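My questions will all concern the structure given below.
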Amino acid sequence: MIKRKEKIIRPKMAVEIAGIKLRNPIMPASGTFGYGEEYAPYLDLNSLGAIVTKGLSLKPKAGNSTPRICETVSGMLNAIGLQNVGVDVFIKHKMPFLEQFDTPVIVNFFGNTPEEYAELTGRLDDIPGVAALEMNISCPNVKHGGIVFGIDPQAVFAVVSQVRKKTTKPLIVKLTPNVTDIQVTAKAAEEAGADALSLINTLTGMAVDVKTRRPRLANTIGGLSGPAIRPIAVRLVHQVVQAVNIPVIGIGGISRALDALEFLIVGATAVQVGTANFVDPNAMTTILQELEDFCLAEGIEDINELIGSLEI
């Protein structure tokens, strides 16, 4: 007698953030995935939960002088300087490529003044193919002595409020970890109208070439990312989840499914993969497969069962 093989039922991986339905919780972190086209030869963009673009400004930016990336223990430092093509080139030349896919497109953007943020938001609000906006507030406010928007809760509230008035699209605010109390800035963003939060952005760091006795980055200081920052990122996501009532996207040192699971268990609805994309362009596909395998092995039918399941 021939035994029929039992059909394996794969776990449900879909999640929802601010009304956006994602086929799974895996997406790239802004600045590590270009505008999608650069990675298309290496993985199926339709396999991702969302595509998050490189940050956009009103005008093109050349970025900082080189060297602007250096490897560190379990991570890397970068001081790219937010190099990007500018919103006009993005709309004309980058967005048509992204519109070919069924994957939601989240556009990351930034400005140096509240007015720049607002103008960019208005421009991006008119693009039908953009599913949501991710607002990077880890930028200096040139109108107020160069103090980073995301450090001051009042500045966070003011700039997010101004942006909120310019768009009907879901608004995700990306938080900096370089603050005394991230719960305060998270609450300020929520009160100002953010639909979701993403965290963390890079930690401020520095590396020195001991032979030349010079900084290893031309900019001297850069942003630290990679596995080295994951425990800090998990802690901050956990704290923010306790403080707000909107979805949180976890970021920081995710290179395998077990890393992503930590963020989901402490309450993140989805995660972004950054530095791992530089090591392996197919990293997100591997993480997603491992995540499905974990759920299958643990008898978890729906990934949402894991979200916020931390027991203390």
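The values are calculated or read from the model by the stated rules, or taken from the named source; none is laboratory data. Note that the structure is a prediction, hence the values are computed from the model and not measured. Reconstructed Cβ throughout: ideal geometry from the backbone, glycine too, with neighbour counts over all protein chains shown.
Output yes when any residue across the range 276-286 is in contact with a helix residue (DSSP H, G or I) (Cβ under 8 Å, 6 or more places away or on another chain), closer than 16 Å to Pro11 by Cβ, among the hydrophobic types (A, V, I, L, M, F, W, C) and at pLDDT 95 or above, and no when none is.
no
Quick one: which of Thr176, Thr180 is under 20 Å from Gly250 (Cα atoms), free of Cβ contacts under 8 Å to residues at least 12 places away in the same chain and not in a helix (DSSP H, G or I)?
Thr180
If Gly36 satisfies all but one of (1) loosely packed, with under 14 Cβ neighbours inside 10 Å; (2) farther than 30 Å from Ala297 by Cβ, what's the number of the condition it fails?
(1)
While we're here: Go through the range 206-256 and give me each residue that's crowded, with 19+ Cβ neighbours inside 10 Å and in a strand (DSSP E or B).
Of everything in the range 206-256, those that are crowded, with 19+ Cβ neighbours inside 10 Å and in a strand (DSSP E or B) turn out to be Gly222, Gly223, Leu224, Ser225, Val248, Ile249, Gly250, Ile251.
Residues in the range 17-60 that are part of a strand (DSSP E or B) and under 22 Å from Ile200 (Cβ atoms): how many?
9
Take the conditions surrounded by fewer than 14 Cβ atoms within 10 Å (Cβ to Cβ), within 19 Å of the chain's Cα centre (by Cα) and basic (Lys, Arg) and apply them to Lys54. Does it pass?
no
Out of the residues in the range 102-120 that are touching an Asp or Glu at 6+ places or on another chain (Cβ under 9 Å) and either β-branched (Val, Ile, Thr) or not in a strand (DSSP E or B) (or both), state the one that is surrounded by the most Cβ atoms within 10 Å (Cβ to Cβ).
Checking each candidate, the answer is Val107.
Where residues in the range 150-205 are polar (S, T, N, Q) and more than 26 Å from Leu264 (Cα to Cα), which of them is surrounded by the most Cβ atoms within 10 Å (Cβ to Cβ)?
Once the filter is applied, the top-ranked residue is Thr167.
Using the structure shown, decide if Ser161 is assigned to a loop (DSSP other than H, G, I, E, B) and closer than 26 Å to Gly19 by Cβ.
no
Would you point out which residue out of Pro153, Pro128 is in contact (Cβ under 8 Å) with a residue 24 or more places away in the chain and under 22 Å from Val173 (Cα atoms)?
After ruling out the rest, the residue left standing is Pro153.
Follow-up. What pairs come out if I take residues in the range 212-239 that are within 15 Å of Ala268 (Cβ to Cβ) and pair them with residues that are polar (S, T, N, Q) and surrounded by fewer than 21 Cβ atoms within 10 Å (Cβ to Cβ) whose C-beta lies under 7 Å away, six or more apart or interchain?
Partner pairs satisfying both residue conditions: Gln239/Gln183.
Could I ask something else about it? If Lys12 meets every condition in (1) charged (D, E, K, R); (2) crowded, with 17+ Cβ neighbours inside 10 Å; (3) touching an Asp or Glu at 6+ places or on another chain (Cβ under 8 Å) apart from one, which number is that one?
(2)
Of the residues that make up the range 61-74, is at least one part of a loop (DSSP other than H, G, I, E, B), surrounded by 15 or more Cβ atoms within 10 Å (Cβ to Cβ) and under 17 Å from the mean Cα position of the chain (by Cα)?
no
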